[in-house]
């Protein structure tokens, strides 16, 4: 287990108008994780109920271009890398689930809290731009489609709160269309969420 004191410093997740995990400090924010599959996993977990998802769901979202065995191995390696960098408690879980530490706070969380307490000024202030702008990863078409839905819902909430609508509406480039044949959405599963709230679940396997 890592013993670096810096692992105990607070981490913040930026999802609106940018993509980074950073650690605030007196000299400014230190970016500790940028765009990539590790960041995508952290971002999705942060939006999930109780910051927890099933491992199968994570594999389908981010490693749909691999078979189940290799996808689970890739997930395991990603979790190991995050723990090495940020400590063993940043991501916990068991053989079936993965959980993100609740100590990691995101700007999306703060925007949703402002919505819940009916504070339009705070909603507008928290919205720094589109959710996960221009994000695309190989094997992650299902993740991109989930992000598209969340991006639209958060922007709608911003506009309803009185936002001026000039924030960028950039969408991620579909650089990996070859993943469609194996992405969960293409096998008849529904979009991740139907309303503005922490995700009920990601794309689900049909029974």
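The values are calculated or read from the model by the stated rules, or taken from the named source; none is laboratory data. All values derive from a computational prediction rather than experimental measurement. For neighbour counting, all protein chains shown are included, and Cβ atoms are generated from backbone atoms with ideal geometry for every residue, glycine included.
If you check every pair at least six apart or on different chains, which have Cβ atoms under 8 Å apart with a residue in the stretch 68-88 that is touching a residue at least 40 places away in the same chain (Cβ under 8 Å) and at positive phi first and a residue that is surrounded by 17 or more Cβ atoms within 10 Å (Cβ to Cβ) and outside any helix (DSSP H, G or I) second?
Within 8 Å, no pair qualifies.
Assess whether residue 172 counts as being part of a loop (DSSP other than H, G, I, E, B), at pLDDT below 80, within 16 Å of the chain's Cα centre (by Cα) and under 18 Å from residue 39 (Cα atoms).
So residue 172 passes the test.
Of the numbered conditions (1) at pLDDT 50 or above; (2) under 18 Å from residue 17 (Cβ atoms); (3) assigned to a loop (DSSP other than H, G, I, E, B); (4) within 20 Å of the chain's Cα centre (by Cα), residue 196 fails exactly one; give the number of that condition.
The one condition residue 196 does not meet is (1).
One line per residue, one yes/no per condition, for (1) in contact with a strand residue (DSSP E or B) (Cβ under 8 Å, 6 or more places away or on another chain); (2) at pLDDT below 90:
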| residue | (1), (2) |
| --- | --- |
| 1 | no, yes |
| 9 | yes, yes |
| 23 | yes, yes |
| 31 | yes, yes |
| 38 | no, no |
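Residue 99 - would you say it is surrounded by 15 or more Cβ atoms within 10 Å (Cβ to Cβ) and free of Cβ contacts under 8 Å to residues at least 12 places away in the same chain?
no
Identify, please: which residue in the stretch 72-96 is surrounded by fewer than 17 Cβ atoms within 10 Å (Cβ to Cβ), over 13 Å from residue 58 (Cβ atoms) and in contact with a strand residue (DSSP E or B) (Cβ under 8 Å, 6 or more places away or on another chain) and is, among those, modelled with the lowest pLDDT?
85
Considering only the stretch 47-71, how many residues are closer than 15 Å to residue 101 by Cα and either touching a strand residue (DSSP E or B) at 6+ places or on another chain (Cβ under 7 Å) or surrounded by fewer than 18 Cβ atoms within 10 Å (Cβ to Cβ) (or both)?
5
Enumerate the helices (runs of 4 or more DSSP H) found wholly within the stretch 19-115, keeping only those where 1 or more residues are more than 23 Å from residue 141 (Cβ to Cβ) and touching a helix residue (DSSP H, G or I) at 6+ places or on another chain (Cβ under 8 Å).
68-86
Where residues in the stretch 121-166 are on the phi > 0 side of the Ramachandran plot and touching a helix residue (DSSP H, G or I) at 6+ places or on another chain (Cβ under 8 Å), which of them is surrounded by the most Cβ atoms within 10 Å (Cβ to Cβ)?
Among those residues, the one meeting the criterion is 132.
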